[in-house]
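Asker: Below you will find the structure I want to go over with you.
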Amino acid sequence: MGTRRSAATLAGLTALILAGGTPASAAPEPARYRNPVTASFSDTFADPVVIRGQDGWWYAYATSDPLREGEKTPHRVPTARSADLTNWTYVGDAFSADQLPPYAAPGAALWAPDVRYIDGRYVMYFTVTDTTVSDDTFDTAIGAATAPTPTGPWTFAPEPVVAPRPGSGGGYLWTIDPAHLTDVDGTQYLYYGSYYGGISVTTLSADGLHATGGANMVAIDNKFEGSYVVRHDGWYYLFASTANCCAGPTTGYSVSVGRSRSPRGPFVDKLGQRLDVSRAGGTLVVAPNGNKWVGTGHNGFVSDLSGQDWLAYHAIDRADPYLDEPFGINERPMLLDRLDWVDGWPTVRAGAWASEDPQPAPVTATPVQDRFDTADLSGWRRQNGTWRVQDGHLTGTGTVRATRRLPDGDVHVQTDVRLTGAAGLALGERRDRVEVRIDAAAGRLVADAGAGVRASAPLPAGFDARHWHNLAVEVRGRQLTAVLRPTTLSGEQLATVRLRLPDPVDPSLSLLSRGRADFDNVSGARAYRSVSRTVPAPRVGSALPAYSDDFTGSTLSPAWTWVRPDPAVTVGGGALNWPVQSADLTGASNTASVLLRDAPQGDYVVETKVTLDLGEDTVRNYQQAGLIAYVNDDDFARLSQVAIWNTRQIEYGREIPYAGQTSYGGTIVGTPARTTWLRLARTVDPATGEQRFRAGSSQDGRTWIWGGVWTFPAGSSPRIGLVAHGGAEPPVTAAFDYFRVYAGH
């Protein structure tokens with residue numbers, strides 16, 4: 001780490017002022033920001049990942065695309081920098097136009113970077129879309145490059161970390177979207193993969209540049225891609241994106257999550273559904289919510305200085321979905337939104353999902369804060385030992401105390417540290433003092449409140465204390481949690497210690513070292529306020545019998561009307577029985593029958609219970625049955641359980657006319673059973689009159705999973721009904737037990 005330039009310091013101060021930052025003593029109004037956070041320098045910034053550099057700045061990296069309308073030429077891994085996570089400045093590309101790794105074919109693209117700090121250097125993992133292994137133009141591989149700083153210069157590793165993998169069905173498995181994890185035992189893992197081949201995990205060599213051992217699948221093919229794994233409260237959480245990333249205004253891309261006690265899985269969702277089976281699960285983290293943003297997917301992860309987690313991801317403005325021309329490059333800027341943990345499960349903004357209005361900004365300026373940009377010890381008082389500022393960090397031995405005090409109440413403090421003996425930080429004084437230190441000689445992370453009140457955890461195998469690491473300590477009431485991690489704040493945890501304190505701690509902070517240590521990026525803030533409940537789900541009001549049908553007779557009620565009648569449909573045995581048709585509604589293939597009836601005015605919920613035996617694991621494209629909100633053959637929203645290759649999913653698709661053609665995309669809502677309950681909840685935006693249809697699913701009719709939203713314009717009049725189509729072989733019949741409509745609530 002070299003001496004910081006005064007220009008960088010001035011730039012950081014300027015960015016802080018622009019973001020609304022003022023000295024802590026002024027008690028400012030909370031800063032606010034608005035998505036997309038990359039609007040200042042780009043129109044698109046897809047597949048983003050964010051790290052905090054050792055220099056105290058945050059850095060964001062993205063897939064190689066043009067940044068602006070009209071540019072036409074892609075940037076090779078564009079890179080941006082921010083002092084506050086919300087005001088970003090483009091700082092260049094990781095690689096020049098003629099830079100490619102030696103195994104890449106000419107014209108290859110570099111996609112979906114993931115950047116980590118590993119043993120004193122930055123390592124970037126990325127997708128190479130075309131290699132010299134074959135003549136196939138999509139024989140993808142995972143590459144790597146290293147650099148001394150977050151902005152390079154980057155040096156390619158001579159060989160891929162994961163080489164192209166031939167697929168048993170022909171071509172090459174999609175070896176894309178890498179994500180790195182260092183576990184508490186020091187083992188490094190790399191997750192990668194996509195729809196053709198699924199998401200796999202492999203171990204890495206100590207330098208992080210070579211796959212070692214075998215790989216195993218952790219999320220099934222034909223459903224998941226864009227993985228990112230974090231460790232939280234002893235669980236490993238696999239974030240993965242589902243559905244189509246790039247369908248313009250109908251992109252339903254969303255992020256789901258499963259968790260496991262092992263980084264190798266199996267990962268299961270909130271209902272216990274595994275992610276690596278035919279009827280794969282996945283608890284939603286973010287999905288389209290009916291505002292301007294669709295295609296909310298492919299996430300990174302970052303924490304602010306209060307300990308609050310944030311999701312960085314891309315999305316598409318449905319009113320401006322493409323760069324330059326219709327059906328061109330999808331325009332996917334980076335969004336940043338608060339990530340809450342409710343009952344052990346992550347969700348964006350407590351389930352409200354992507355924001356388009358101003359939001360409270362991340363905490364990046366704190367009452368106690370120092371990057372040691374000046375040569376004096378202003379803000380600190382030596383208590384013992386020898387301390388000095390050198391090369392842009394604090395170095396010394398003994399104890400040095402911050403002259404500013406922490407906020408009262410719950411606090412979050414952290415520092416980057418490298419050491420030769422034992423070093424860490426202390427909260428409080430005298431009787432209420434608690435020390436948290438990295439003891440390199442003992443190989444332990446230790447929390448010590450005196451009088452025998454002590455806890456510790458082992459440091460990872462191969463842990464090298466001479467490299468920078470981040471030590472974060474949070475105290476809530478009398479509960480202390482200390483986490484040691486890489487300086488990128490990426491959700492990796494190298495060691496965690498919890499300790500119940502005998503007394504509340506005094507709001508003072510000290511740095512301490514037994515043996516020489518270096519400290520940097522010290523901060524202390526009021527701990528973030530955790531969220532304990534999600535936003536309310538749609539609720540069902542009173543039944544509306546005039547719009548409902550329990551199929552108790554032997555013929556259809558005259559309230560139903562057909563688009564292309566299907567004579568094979570029968571009513572009997574208390575169900576509507578519909579042999580699945582060899583037909584479809586998407587694109588120009590408007591051959592499927594649609595059974596419709598008028599919808600009520602105002603808010604309502606329509607529900608059906610459908611039994612459809614699609615089996616498992618076999619390919620039965622694309623047999624499906626479910627609900628539909630329908631204006632015409634090119635303007636509808638369809639919620640159905642469906643066979644998609646070897647998987648069974650609940651897809652909520654939307655088709656609209658767009659730029660003289662049609663645009664179709666879908667989002668995923670829960671896991672189907674042989675018998676599945678489906679709901680569409682319709683509300684009207686009071687400001688615009690736009691109609692929002694949110695999808696829900698259930699495996700038992702009691703526990704509901706609520707997913708994404710598709711919208712219809714104000715003034716349109718969608719009817720509601722049923723569909724069963726997608727393929728006639730093998731023959732299968734959908735049995736609808738009822739079609740019920742309720743008032744919204």
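Taken together, the values in this text are just the output of simple stated rules run on the coordinates, not laboratory data. Predicted, not measured: the structure shown is a model, and the values here were computed from it. All Cβ positions, glycine included, derive from the backbone under ideal geometry; neighbour counts span all protein chains shown.
Asker: Taking the Cα-to-Cβ direction at Asn216 and at Ser168 and moving 7 Å from each Cα, how far apart do the two end points lie in nm?
Answerer: 1.8 nm
Asker: Using amide H atoms built 1.01 Å from N in the peptide plane, name the residues 5+ places from Tyr253, or on other chains, whose amide H lies under 5 Å from its own.
Answerer: Those qualifying (amide H under 5 Å, at least 5 residues apart or on another chain) are Asn244, Gly295, Thr296.
Asker: Which Cα, out of Val723, Trp710, Trp578, lies furthest along the positive dipole direction of the range 540-744 (beta carbon charges, K/R +1, D/E -1)?
Answerer: So the residue we want is Trp710.
Asker: Using amide H atoms built 1.01 Å from N in the peptide plane, name the residues 5+ places from Gly665, or on other chains, whose amide H lies under 5 Å from its own.
Answerer: Arg654
Asker: Compute, for the chain, the length of the dipole vector about the Cα centre, with Cβ point charges of +1 (Lys, Arg) and -1 (Asp, Glu) only. Units Debye, rounded to 20.
Answerer: 2540 debye
Asker: Let me ask you something else. Starting from the Cα-Cα distance between Ala206 and Asn632, subtract it from 0.36 nm times their residue separation and give me the gain in nm to one decimal.
Answerer: Full extension from Ala206 to Asn632 adds 147.6 nm.
Asker: Then there is this: If one takes the longest principal axis of the Cα atoms in the chain, at what angle in degrees, from 0 to 90 and to the nearest 10, does the Cα axis of helix 6-18 lie?
Answerer: Orientation of helix 6-18: about 50 degrees from the principal axis.
Asker: Between Arg478 and Asp324, 0.36 nm times their residue separation minus their Cα-Cα distance comes to what?
Answerer: On the way: separation 154, 0.36 × 154 = 55.44 nm, distance 5.61 nm.
Answer, rounded to one decimal: 49.8 nm.
Asker: For the range 622-632, what does the Karplus curve 6.51 cos²θ - 1.76 cosθ + 1.60, with θ = phi - 60°, yield as ³J(HN,Hα) per residue in whole Hz, taken in order and with x for Gly and Pro?
Answerer: Once rounded to whole Hz, the list reads 10, 4, 7, 7, x, 9, 8, 10, 9, 9, 7.
Asker: Using r as the Cβ-Cβ distance of Ala451 and Arg264, and R0 as 45 Å, what FRET efficiency do you calculate, to the nearest 0.05? Could the numbers behind the result be given before it?
Answerer: On the way: r = 41 Å, r/R0 = 0.91.
Approximately 0.65, to the nearest 0.05.
Asker: Can you list which of the trypsin sites (Lys or Arg not before Pro) found in the range 664-745 are DSSP loop residues with at most 16 other C-beta atoms within 10 Å?
Answerer: Numbers: sites: Arg674, Arg679, Arg682, Arg692, Arg694, Arg702, Arg719, Arg740; in loops: Arg674, Arg702.
Filter output for the range 664-745: Arg674, Arg702.
Asker: How would you order 57-63, 708-714 from highest to lowest mean count of nearby Cβ atoms within 10 Å?
Answerer: Final packing ranking: 57-63, 708-714.
Asker: I'd like the per residue volume of the convex hull spanned by the Cα atoms of the range 540-744, given in cubic angstrom.
Answerer: Here the figure is 116 Å³ per residue.
Asker: Then there is this: Among Lys223, Lys72, rank each residue by its count of other Cβ atoms within 10 Å, from fewest to most, as a rough exposure measure. Show your work: numbers first, answer last.
Answerer: Working: Lys223 28, Lys72 11.
Fewest-to-most ranking of Lys223, Lys72: Lys72, Lys223.
Asker: Arrange Ile668, Ile51, Ile656 by Cβ neighbour counts within 10 Å, fewest through most, would you?
Answerer: Result, fewest neighbours first: Ile656, Ile51, Ile668.
Asker: Continuing with this model, one more query. How high is the FRET efficiency between Ser582 and Gln661 when r is their beta carbon distance and R₀ equals 25 Å, given to the nearest 0.05?
Answerer: Rounded to the nearest 0.05, the efficiency is 0.55.
Asker: Related question: Can you pull the one-decimal nm distance between simple spin-label points at Asn621 and Ser530, each 7 Å off the Cα toward Cβ?
Answerer: 4.6 nm
Asker: Apply the Karplus curve 6.51 cos²θ - 1.76 cosθ + 1.60, θ = phi - 60°, to the phi angles in the range 485-490 and return the couplings in whole Hz, x for Gly and Pro.
Answerer: So the Karplus estimates, Gly and Pro as x, are 8, x, 6, 6, 6, 9 Hz.
Asker: Taking neighbour counts of Cβ atoms within 10 Å as a proxy for exposure, in what order, fewest first, do Val368, Val723, Val294, Val531 appear?
Answerer: Lowest count first: Val531, Val368, Val723, Val294.
Asker: Can you tell me, using C-alpha contacts under 8 Å and at least 6 residues apart, the relative contact order of the chain as a whole percent?
Answerer: Over the chain, the number comes to 11 percent.
Asker: If you don't mind, another one. Here are labelled values, (1) 52.7; (2) 35.1; (3) 32.3, and one is the computed mean projected area of the Cα convex hull in nm² for what I pasted. Which one?
Answerer: (3)
Asker: For Asp65, enumerate residues with amide H under 5 Å from its amide H, sequence gap 5+ or separate chain, H modeled in the peptide plane.
Answerer: His75, Val77
Asker: What lysines could a cross-link reach from Lys223, if we take a straight Cα to Cα line under 22 Å and drop same-chain neighbours fewer than 8 places away?
Answerer: Lys270
Asker: Report the percentage of all Cα-Cα pairs in the range 368-526 whose separation exceeds 28 Å, rounded to a whole percent.
Answerer: Within the range 368-526, distances greater than 28 Å cover 12 percent of Cα pairs.
Asker: So, one more: Please give the length that would be gained between Asp135 and Glu69 if that part of the chain were fully extended, namely 0.36 nm times their separation in residues minus their C-alpha to C-alpha distance (nm, one decimal).
Answerer: This chain segment gains 20.5 nm when fully extended.
Asker: Now for a separate question. Using the Karplus equation 6.51 cos²θ - 1.76 cosθ + 1.60 (θ = phi - 60°), what ³J(HN,Hα) coupling, rounded to whole Hz, does each residue of the range 174-191 give in order, writing x for Gly and Pro?
Answerer: Karplus-based 3J(HN,Hα) across the range 174-191 equals 6, 8, 9, 6, x, 8, 9, 8, 9, 8, 5, 8, x, 5, 9, 10, 10, 9 Hz.
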